[in-house]
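Remarks on the structure that follows.
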Amino acid sequence: MLASLIEEIKAKFIQHVQSHYGYSVSQLIVEQPPKVELGDLAFPFCFELAKYLKRPPRQVATEVASSVGTFPGVAKIQVAGPGYINVFLKRGDFFKQLFQTSHQRPVSATSPAQTKEKIILEHTNINPNKAAHIGHLRNAVLGDTFARLLRCSGESVEVQNYIDDTGVQVADVVVGFKYLEKKNLQAVQAIPGKFDYYCWDLYAKVSSSYEQSLESQELRSDTLKLIEEGHNDTAELAHYISHKIVQCHLDTMWRMGIQYDLLPKESDILHLKFWHYAFALLKKTGAIHFETSGKNQGCWIMRVGEKNSPATKEPVAESGSERDFEEGKIIVRSNGTVTYVGKDIAYQLWKFGLLGMDFFYHPFHRYPNGHTVYMTTSDNNQQSGQAQFGGGQRVYNVIDSRQSYLQNIVIAGLRALGFQEQADKSTHFSYEMVALSPRCCEDLGIQLSEADRQRPYVEVSGRKGLGVKADDLIDILLEKSLQEVRNRHSDLDETEMKRIATTIAVSALRYFLLRYTRNSVIAFDFKEALSFEGETGPYVQYAVVRANNILKKVQEEDSSCSPDSVQLFVQTVGTGAFPDERIEDEFWKLIYLASQLEPNVRLSIQTSEPATLTKYLFALAQAFNLFYHRHRIISEVDPLKKRFLLALTRILRDQLEQGLNLLGITVPAKM
């Protein structure tokens, strides 16, 4: 609402300057005056116009203000300072419109596309070899929230979760089962309990065995080749492991309210010859060349310039030698196997519909809400229905910033093939890692050196088994929340307590992972994450619960304050019964702040920064709590003011609830 009003005002100023002075304003900026008494919007364009006219800015501003005429929704225009034009909005009209629009729920995060270009958003991408950890949750929560924001703006979004089922990580777990534990497929299938947890420990054992024996590393290479070839016992074991763990990952992410549309498998890229087609294109255009000497002899190499990103100074976490700088340049190894980046180029081409080829698809999992996630297959006999995916016009890849260099190689591959537009529309939605605070490590029983204790954080390492499993973290948060609910609402039954506690726990974790800007390293700490005070999800949730309680109690105690009566009252705001003058500056600041939900959502999308929205919602929740403590709505004796305060409370409640919904956070009935 505010954004559209500003655009109308800007358009009229631009048209007026063009028609009266024959000048086109290069960029009409709008600012917010430092004090409410100075107005609501400030326009500095007269400084630019004054240079063109060679006249004093204030003189030009005075002339524009007196000749531009009236604006819908604007009470007055005045000149301020050396040449600003300040705009005062009609408070009553603005309040009424905000009351109506705030009650309209945004587009659902899972609603079908409405308009605009199709966007493919890839996120999560956990190697299917062990349980998900806290770092994976940051990726998934960022990706899921960004998808919600895009869909709210009317974009068509297809969410994909790439499954690297032929990579070295899966190969390592296969090595562990076959050579360390001497287990065949039947024995692996019989393993009881949480399979992803079992593989978590096994993966760490395999990594340790590699360090102790260089010869054992040859097992990885041999196993990887067998997996890529397919149609053998090793490939069958890898298939079972990866699919079993993918299901574990889906279950974990669903606990956070996260779901997907498609699970593309790396093995299908190989078996359907996607890579062969992309490989032929790369060779034909000269984007890659065959190395005949040196340490990369026998490999196909892509030249993409010097390594200049700080993120590539160290190997990518959990990926060993496959994804460091040198291997990043290698597209095909000397033994004929394809590196991650080679397959990812083929995958990126498919995302844009540039391969002229497609996967087959079959339903893999149906969520409790009825949504079905499909998985790719290379077997036409498994094809189910007429599912269609890919063919996007814009692609976002949510991937750790330590893989920035490799993502640049993928984009360079598109450019080398002549797909400049698609390269420009390929965005690496990067983020920094989630590490552990030294105190968190001690809580987990992890032994640290004295040097590690002095560090601000300790990096997560799946190879070392160092980290916080996602399900464990959610369970700890749930238990903590449940205890708090029990203390506050002992009258509730256990089922309702758990429902409320789950909502609070998910809120706490999602908000914690979103409140930091993407370029910030998060040092996870239990005490901080579990806090119910300060800048947290539960704090914002509680503001909504409190607002709901106020509205409910007043309506129960005062029949003249029913929703219908408040609705009728709002129509009189700005008139003789309740003129603009009664909307004091204190209330106007709150109204104006509440109206900025939409601009903050837009800014979050434009900057690909969900933290913008989290910080806004925290500020709005703080403002509401201050308002609540200053004004005792239930005991207000002035009937008109009481209805006004109730209407304002509803606006604040609705804006907070809508914003939380976009973060994937729901609000419980009680807290």
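Within the range 468-475, is there a residue that is under 30 Å from GLN606 (Cα atoms), outside the structural domain of PHE352 (by TED's automatic domain parsing), touching a strand residue (DSSP E or B) at 6+ places or on another chain (Cβ under 7 Å) and outside any strand (DSSP E or B)?
Looking through the range 468-475, at least one residue is under 30 Å from GLN606 (Cα atoms), outside the structural domain of PHE352 (by TED's automatic domain parsing), touching a strand residue (DSSP E or B) at 6+ places or on another chain (Cβ under 7 Å) and outside any strand (DSSP E or B).
In the list GLU598, GLU528, which residue meets the criterion of being acidic (Asp, Glu), within 30 Å of LEU444 (Cβ to Cβ) and either surrounded by 15 or more Cβ atoms within 10 Å (Cβ to Cβ) or touching a residue at least 12 places away in the same chain (Cβ under 8 Å) (or both)?
None of the other options fit; the residue is GLU528.
All but one of (1) touching a residue at least 60 places away in the same chain (Cβ under 8 Å); (2) assigned to a helix (DSSP H, G or I); (3) more than 18 Å from MET256 (Cα to Cα) hold for VAL506, so report the exception by its number.
Unmet condition: (3).
Just to be sure before I move on: is SER490 out of contact with any Gly (no Cβ under 6 Å at 6 or more places or on another chain), at pLDDT below 85 and among the hydroxyl-bearing types (Ser, Thr, Tyr) in the structure I sent?
No: the conditions fail for SER490.
Could you check the range 100-124 and list, in sequence order, the residues that are in a loop (DSSP other than H, G, I, E, B), touching a strand residue (DSSP E or B) at 6+ places or on another chain (Cβ under 7 Å) and at pLDDT 75 or above?
Answer for the range 100-124, where residues must be in a loop (DSSP other than H, G, I, E, B), touching a strand residue (DSSP E or B) at 6+ places or on another chain (Cβ under 7 Å) and at pLDDT 75 or above: GLU117, HIS123.
Which condition breaks for MET253 when tested against (1) surrounded by 15 or more Cβ atoms within 10 Å (Cβ to Cβ); (2) under 16 Å from SER267 (Cα atoms)?
(2)
Residues of the range 46-72 being in contact with a strand residue (DSSP E or B) (Cβ under 6 Å, 6 or more places away or on another chain) and either of a type in the set (S, T, N, Q) or within 12 Å of LYS12 (Cβ to Cβ) (or both), which ones?
Within the range 46-72, just THR62 meets the criteria.
So, in the range 437-457, exactly how many residues are modelled with pLDDT of 85 or more and either closer than 19 Å to HIS136 by Cα or among the basic types (Lys, Arg) (or both)?
Total meeting the criteria: 5.
Looking only at residues in the range 628-668 that are touching a helix residue (DSSP H, G or I) at 6+ places or on another chain (Cβ under 7 Å) and of a type in the set (Gly, Ala, Ser), which one is surrounded by the fewest Cβ atoms within 10 Å (Cβ to Cβ)?
ALA647
Look through VAL68, VAL30 and report the one residue that is under 27 Å from GLU584 (Cα atoms) and among the β-branched types (Val, Ile, Thr).
VAL30 is the lone residue from the list that is under 27 Å from GLU584 (Cα atoms) and among the β-branched types (Val, Ile, Thr).
Name the residue, out of THR649, THR614, that is under 14 Å from the mean Cα position of the chain (by Cα), assigned to a helix (DSSP H, G or I), in contact (Cβ under 8 Å) with a residue 60 or more places away in the chain and assigned by TED's automatic domain parsing to the domain that holds GLY576.
THR614
Filtering the range 653-671 down to residues that are under 14 Å from ALA619 (Cα atoms) and hydrophobic (A, V, I, L, M, F, W, C), which residue is nearest to the chain's Cα centre (by Cα)?
LEU660
Does at least one position in the range 10-18 carry a residue that is modelled with pLDDT of 95 or more, crowded, with 17+ Cβ neighbours inside 10 Å and part of a loop (DSSP other than H, G, I, E, B)?
no
Could you check, for the range 64-79, whether at least one of its residues is part of a helix (DSSP H, G or I) and in contact with a helix residue (DSSP H, G or I) (Cβ under 7 Å, 6 or more places away or on another chain)?
yes
Going by the structure shown, is ALA235 free of Cβ contacts under 8 Å to residues at least 60 places away in the same chain, farther than 25 Å from HIS133 by Cβ and surrounded by 16 or more Cβ atoms within 10 Å (Cβ to Cβ)?
The answer is yes for ALA235.
Does TYR340 satisfy the criteria of being hydroxyl-bearing (Ser, Thr, Tyr) and in contact with a Leu (Cβ under 9 Å, 6 or more places away or on another chain)?
yes
When the range 181-224 is examined, which residues are found to be over 37 Å from the mean Cα position of the chain (by Cα), outside any loop (DSSP other than H, G, I, E, B) and at pLDDT 95 or above?
LEU185, GLN186, ALA187
Give just the number: which of (1) assigned to a helix (DSSP H, G or I); (2) surrounded by 18 or more Cβ atoms within 10 Å (Cβ to Cβ) does GLN259 not satisfy?
With respect to (1) assigned to a helix (DSSP H, G or I); (2) surrounded by 18 or more Cβ atoms within 10 Å (Cβ to Cβ), GLN259 is out only on (1).
What pairs come up if the first residue lies in the range 167-180 and is outside the structural domain of VAL332 (by TED's automatic domain parsing), the second is surrounded by fewer than 23 Cβ atoms within 10 Å (Cβ to Cβ), and their beta carbons are under 6 Å apart, counting only those six or more places apart or on different chains?
Correct list of pairs: empty, since none qualify.
Going by what's in this entry, would LYS589 be described as modelled with pLDDT of 95 or more, farther than 30 Å from ASP144 by Cα and part of a helix (DSSP H, G or I)?
Yes.
The values are calculated or read from the model by the stated rules, or taken from the named source; none is laboratory data. Quick caveat, the model's predicted, so the values are computed rather than measured. Cβ atoms come from the backbone with ideal geometry, glycine included; neighbour counts cover every protein chain shown.
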